[in-house]
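Q: Encoded as structure tokens, here's the structure I'll be asking about.
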Amino acid sequence: MASLQDQLGKLVYSTEKGRLCPGCGEELSACICDELADKERIAGLDGIVRIRRETSGRKGKGVITISGVPLAEKELKALLKKLKQRCGTGGALKDGILEIQGDHRDTIKQVLEAEGFKVKLAGG
């Protein structure tokens, strides 16, 4: 016979709370999984924001990738929005790495240094 904890660990809906997160078991609106993932990602960083230009896998189109930013995902989205507006171009957030279309390394470096980050231009 399974223990009560085993039965509750598989619970995905509760009449008290509604839908539950399968990862942490909390109510979906109060889920802490993203916060834990952010803390783990930030703990593994060295404090240097790296800006690099990439073209591989993008049919020759250049993008700038910004990695190592020690911010939570919500704050990364706000920073991405600010950078896209400043550069006047599109971009995306993928697995904690910001991508900005085009070659705007100098502009991005100035903005990030003004925000107080230690920035390094990496790659070519």
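Q: Go through region 110-124 and count every residue that is of a type in the set (D, E, K, R) and either surrounded by 18 or more Cβ atoms within 10 Å (Cβ to Cβ) or in a loop (DSSP other than H, G, I, E, B) (or both). Break it down stepwise before answering.
A: First, pick out the residues of region 110-124 that are of a type in the set (D, E, K, R): 113, 115, 118, 120.
Retained after the next criterion (residues that are either surrounded by 18 or more Cβ atoms within 10 Å (Cβ to Cβ) or in a loop (DSSP other than H, G, I, E, B) (or both)): 115.
Matching residues across region 110-124 total 1.
Q: Taking region 47-93, which residues are touching a residue at least 40 places away in the same chain (Cβ under 8 Å) and over 10 Å from the mean Cα position of the chain (by Cα)?
A: Correct list: G47, I48, V49, R50, I51, R52, R53, E54, K61, G62, I64, I66.
Q: In addition: Kindly indicate whether any position in region 94-106 is free of Cβ contacts under 8 Å to residues at least 60 places away in the same chain, assigned to a helix (DSSP H, G or I), among the aliphatic types (A, V, I, L, M) and in the same structural domain as V63 (by TED's automatic domain parsing).
A: There is no residue in region 94-106 that is free of Cβ contacts under 8 Å to residues at least 60 places away in the same chain, assigned to a helix (DSSP H, G or I), among the aliphatic types (A, V, I, L, M) and in the same structural domain as V63 (by TED's automatic domain parsing).
Q: Residues that are in a loop (DSSP other than H, G, I, E, B) and either touching a helix residue (DSSP H, G or I) at 6+ places or on another chain (Cβ under 9 Å) or acidic (D, E) (or both): does region 47-57 have at least one? Even if it seems obvious, please write down each step before you answer.
A: Initially, region 47-57 is screened for residues in a loop (DSSP other than H, G, I, E, B), giving 47, 55-57.
From the residues that got through so far, the ones that are either touching a helix residue (DSSP H, G or I) at 6+ places or on another chain (Cβ under 9 Å) or acidic (D, E) (or both) too are none.
Checked against the condition, which is being in a loop (DSSP other than H, G, I, E, B) and either touching a helix residue (DSSP H, G or I) at 6+ places or on another chain (Cβ under 9 Å) or acidic (D, E) (or both), region 47-57 yields no hits at all.
The values are calculated or read from the model by the stated rules, or taken from the named source; none is laboratory data. What you are looking at is a predicted structure, and each value in this text was computed from that prediction instead of being measured. As a convention, Cβ positions derive from the backbone with ideal geometry for all residues, glycine included, and neighbour counts pool all protein chains shown.
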